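Trainee: Below is one structure. I have some questions about it.
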Amino acid sequence: MTAPYTFEFEDGLVREWRLTEDGATFREVEHYRPSLFVSAPDLSGLEARLRSDPKVSGTTRERWAADLHESHADDRTELLRVSVERVDEIRTLAREIRGGDGRVPLAPGTIRLYDVDLDPGFRYCLDNGIDPTPERGSRTTRGPERGLQTLEIEIDDPGLADEDVSELRLDGERVTGDPADVCWSIGRRLDRVDPDVLVLSHGELVPVLESAAARAGLEEFHLGRLPGWRRIAGANTYESYGAVGHSPARYRVPGRAIVDRSNSFLWHQSGLPGLLYMVEKTGRPLQEVARGSIGTLLTSRQIRLARTEYDVLAPQNKWEPEEFKDVSTLHAGDRGGFTFSPEVGFHEDVHEIDFASLYPRIICRRNVSPETIGCDRDHGSGGDGLSGHGSDDCDGSTFESPPDVATVPDLEYDRCSKPGFLPEVLTTLLDDRAEIKRRLESDSLADETARRLRAESGAIKWVLVSCFGYQGYRNAKFGRIECHEAINAYARDIALRAKTRLEDGGWHVVHGIVDSLWVTARADDPEPLEAVVEDVSSSVGIDLEHDGRYEWVCFVPLRDSSEGASVGGDSASPVRSSSPTHPQSRSTRPGALNKYFGKRTDGSYKFRGIETRQRSTPEYVVESQREFVAVLDRERDPAAVCDALEARIGRLRRGAVDPDRLVHTKRVSRRLEEYGQRTRTVAALERYDRHGIDRHPGQSVEYVVTDDDADGIERVRLAFEDCPSVDVEYYSNLLVSACVSIVSALGWNRRRIREHLRDGKTVRLSTFASSE
Amino acid sequence: MSRLEFEPGLTCCRVPSARSPILHELVCSRLAETAGTAYWIDAGNVASTRVLYDCASSPRVLDSLRIARSFTAYQHHSIVRRVVEKATPRTSVIVAPNVVGRYRDDDVPAWEREELLAATLETLAELGRALEVPVLVTAASDAAEERVTERADHRVECIRTREGVRLEGDGAETMGYWQGAYWQTTIPYWVDCCGVADRIDPVVAAADRGLFDAAPEPGGSSGGSLRTPETEASS
């Protein structure tokens, strides 16, 4: 029998659902008692008090490591395990124990709690050693979805706002009609498909559909495998990394996992196969994986590993502070990742090389982990190891060959060689990704398998991307600022070593950001790049890979600097090569670190940081900017690009551009009433408001600018509204900006473009033909 | 160029913004004059090492400064408790910029934040009194200041003037304002150099606070400028 894959918690009862050949069955578990753990100076007193608490079903003393340091040093602390009757009482109890009920006269921080805020399904699986990865059928026959049946139900925003279910999509197929008929169709489809996973455009569809069906008298209709549904969390707005997000209310139906597309980053990145991979790697049930942020998934993986392998429970709050440091150490640690300032301009024959998964590999190869950095010789708690005086017996002589074994470069933090926790969290993911990459490169894969592998690889990529930032994140359960600093210090050291070796081999670094380097041949006869790359890889212990070769790459200047300094201001300003024979093309203008575009030798283009890549940019502007790049490639002349701009503006003026292609998509950062200025977003929000559609911070608005000078709601139209006319001036300006990004690397600025456009108007017939 | 007497006990310094460099300036001046270790309990990345190096007359001045940064209220409180273990009567100064900041974070439940903050402030105040060591904390808002002054022994305020920020309050003096190329000196500076000739003209004090425009009129020579002489910067 397979393991259960979805769970419901109701009135002290757990319902476990297992997949069968043609559906699913459930089992009810009555005696599940979830626990939290307490560390306190007086466990006996606390225990006596808790025994009289009706929520508490029992208490026991257990020995656990209070943190990773303790585990590392094979130390254990006595903790009180407090079990409760119902999973939803954990938080209430935690608050009471910490003194939130005003009854406990202890100094703050003397009581520490563990395993308080685990999601219920994850907690249940962890407590019972369940791997909730769903599977149906044999390994050979099930596709990327592992034999799971899904049904996708979509509704549009206005429909959801009006709770009007007369038009929906079922698995992409439009279903319209009387709400009763639509519900009936859904019910029939649910019966026929018997989905294990419900993919909903919005979680709110659960109450909306259930109540529409109830109104229509369809008693047999229910989204779950049993009647009933539950709201398990209300909607809320939160702030994370300085950006505002919105998480909608969450629902559960019996026997089916819900994927709320409006609240699932991973679904959009890698679909069901990616979600399933993460179920396997984190131990979170499918529905909890779907709504989890990347950081949440990484944390879950850590929590599971910490508990099962390290005897460490998940601390509720982060009390462990940074050690006191002197100013020079702090200064060295705070420098961030290394960047070589890009050389603004047009560069020919450029190679891009990068360190694959640099940060996670540093963590694994250099054994960076909260308990290994600053570890003292006794394997005790952190502390003095940070003062920078190495202890020799902590040397990782067998771990690797580079000389930076025992101390972190620049920082002089001691680093212990005993295999660390964080590397163990990441190694499997890195290995899986490498293996997937290897298999994808062999061409004998079935399409289905390749699709699954790509999805899994995508899911892993995002978790790996987050593993570094997470170390410095304030709420990271197992994060530590010293790890963050150490990773950065290693990354800088590695980048510099690569740069030196490349230069010695006759290559010139035109740009570099953290893990990527762009190089051109400096000498006439440089050492073969592959040989240099291999040499660097083996000396730093992390693979440097040749990522691509470009016919040309343009590094864009910082916006501020492009206006004033028009270095290429001579009239014909042709593209110059950056080869050593034309050193004059090297610009001294500061380049934007992450703004560039180029043409690969296979003919495809790469864009970074320019309008084309920005989510809010209207389709027409995106398409126009891509055309500008193609013209630049063909003509190698900024003037020709400006001619293309002129034609694009002409089409706008003639009304030849469908307003649908001028839609902006902007993320809302505040509530309507909190905006102080009357921006376009505000105008759009007001229009949504009129339609009765809620837009929360973190959600998007989609609008077309109709009259940018107008003050109120006339300024824009929403994407789904009729659009009488568009603001040609406004969109022309956007096109000019998109053009500036392309030609500024060649020394042309906005003024220069305007002059070109003005001159063109008076002399060329084409402009007369296109004017109104 | 501000000077504070650094009296033992908890001093609340009201700053115009959480990351105001006036604190760095005060700490550097203290470090230059004393030998003991100074502890800096950071919150919200106030402890910019760049600003500290800028304010220090020489990098060696910073040798006796120890900084620990907090990213949560819990960590902030833990650092305060750690300072209790480390500080001695020879400690030069204990600084906690933006002392209330972390306790306003979303992840601290309302019932806990007041209690935790109270414990932090109480600990700092007691530590200052028991060791007779100056403890300087900053507050950047009225609410934060009010919360801190309940426990503080002294209070100083940074006042924005036309020329820059000046300190006012218990044991505080502003000797001059850095103008990028020269020092705009103040009466207390000249009092310090030459001794008191007369009490400070209330008109000058009023002008300092921007209550009226005392700048010389262009081309005019009406009764001479109220500005004090400019001196060349010496670093």
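The values are calculated or read from the model by the stated rules, or taken from the named source; none is laboratory data. Small disclaimer: the values here were computed from a predicted structure and weren't measured. We place every Cβ from the backbone using ideal geometry, glycine too, and count neighbours over all the protein chains shown. Side chains are part of the model used for accessible areas, which takes the heavy atoms of the whole protein and leaves out ligands, DNA and RNA. Shrake-Rupley method; radii C 1.70, N 1.55, O 1.52, S 1.80 Å.
Trainee: Residues of B:94-107, mean number of Cβ from any other protein chain within 10 Å of their own Cβ, rounded to a whole number?
Mentor: 1
Trainee: Continuing with this model, one more query. Using every alpha carbon pair in segment B:2-174, what percent of pairs falls into each 10 Å bin from 0 up to the bin containing the largest distance?
Mentor: All Cα pairs, binned at 10 Å, distribute as 11, 42, 38, 9, 0 percent.
Trainee: May I pose another question? Chain A: Rg/Rh from Cα coordinates, Kirkwood Rh?
Mentor: Here the Rg-to-Rh quotient is 0.99.
Trainee: For segment A:437-542, build the charge dipole from Cβ charges (+1 Lys, Arg; -1 Asp, Glu) around the Cα centre, then report which of A:HIS508, A:ALA476, A:ALA486 sits farthest towards its positive end.
Mentor: Most positive-ward Cα: A:ALA476.
Trainee: Here's another thing I want to ask about it. Count the net charge of all other residues whose Cβ sits under 9 Å from the Cβ of B:ASP170, scoring Lys and Arg as +1 and Asp and Glu as -1.
Mentor: -2
Trainee: Express as a percent, rounded to the nearest 5, the fraction of DSSP beta bridges in segment A:150-293 (both residues included) that run antiparallel.
Mentor: 65 percent
Trainee: Please compute one quarter of the surface area of the Cα convex hull for segment A:35-128 and express it in square nanometres.
Mentor: 6.4 nm²
Trainee: Where both residues lie in segment B:2-174, what percent of DSSP beta bridges are antiparallel, nearest 5?
Mentor: 25 percent
Trainee: A follow-up question, please. Inside 10 Å of the C-beta atoms of B:74-83, what's the mean count of C-beta atoms belonging to other chains?
Mentor: Counting Cβ atoms of other protein chains within 10 Å of each residue's Cβ and averaging gives 5.
Trainee: Now for a different question. How are the alpha carbon pair distances in segment A:150-293 distributed across 10 Å bins from zero to the largest one, expressed in percent?
Mentor: For segment A:150-293, the binned pair fractions read 11, 42, 35, 11, 1 percent.
Trainee: Give the accessible area for A:THR617 in Å² (nearest 10); use a 1.4 Å probe, count only protein heavy atoms, and leave out ligands, DNA and RNA.
Mentor: Roughly 20 Å² of A:THR617 is accessible to a 1.4 Å probe.
Trainee: Remind me, relative contact order of chain A in percent, using alpha carbon pairs under 8 angstrom and six or more residues apart?
Mentor: Relative contact order comes out at 11 percent.
Trainee: So, counting K/R as plus one and D/E as minus one, what does the shell of residues with Cβ under 11 Å around A:ARG27 add up to?
Mentor: Neighbourhood net charge equals -1.
Trainee: Which one of B:SER141, B:HIS154, B:LEU31 has its Cα pushed farthest toward the positive end of the charge dipole of segment B:2-174, where Lys and Arg give +1 and Asp and Glu give -1 at the Cβ?
Mentor: B:LEU31
Trainee: With every protein chain left in place and a probe of 1.4 Å, what is the accessible surface of A:GLU85, to the nearest 10 Å²?
Mentor: 70 Å²
Trainee: Let me ask another. Residues of A:312-325, mean number of Cβ from any other protein chain within 10 Å of their own Cβ, rounded to a whole number?
Mentor: Averaged over the peptide's residues, the number is 6.
Trainee: Residues with beta-carbon under 11 Å from that of A:ALA107, excluding A:ALA107: net charge, scoring Lys, Arg +1 and Asp, Glu -1?
Mentor: In short, -1.
Trainee: In chain A, what % of DSSP beta bridges are antiparallel (nearest 5)?
Mentor: 90 percent
Trainee: Just to be sure I understand: if I project the alpha-carbon convex hull of segment A:698-761 onto a plane and average over all orientations, what area do I get in nm²?
Mentor: 6.7 nm²
Trainee: If you don't mind, another one. Are any of the pairs A:LYS281/A:LYS461; A:LYS418/A:LYS499; A:LYS437/A:LYS461 more than 21 Å apart by Cα-Cα distance, and if so, which?
Mentor: From the list (A:LYS281/A:LYS461; A:LYS418/A:LYS499; A:LYS437/A:LYS461), the Cα-Cα distance tops 21 Å for A:LYS418/A:LYS499.
Trainee: If you don't mind, there's one more thing I want to ask. Using heavy-atom solvent-accessible surface (probe 1.4 Å) with all chains present, what is the largest-first order of A:ILE186, B:ILE159?
Mentor: Greatest to least solvent exposure: B:ILE159, A:ILE186.
Trainee: Determine the alpha carbon to alpha carbon distance for each of A:LYS318/A:LYS477; A:LYS325/B:LYS86; A:LYS606/A:LYS666 and list only those over 18 Å.
Mentor: Going by Cα-Cα distance, A:LYS606/A:LYS666 fall outside the 18 Å limit.
Trainee: Provide A:TRP319, B:TRP111 ordered by accessible surface of protein heavy atoms (probe 1.4 Å), highest first.
Mentor: These residues rank, largest area first, as B:TRP111, A:TRP319.
Trainee: Beyond 15 Å, how much of the Cα-Cα pair distribution for segment A:135-222 remains, as a whole percent?
Mentor: In whole percent, the share of Cα-Cα pairs in segment A:135-222 beyond 15 Å is 60.
Trainee: Taking all protein chains together and a probe of 1.4 Å, list B:GLU115, A:GLU482 from the most accessible to the least accessible.
Mentor: Highest to lowest solvent-accessible surface, that is B:GLU115, A:GLU482.
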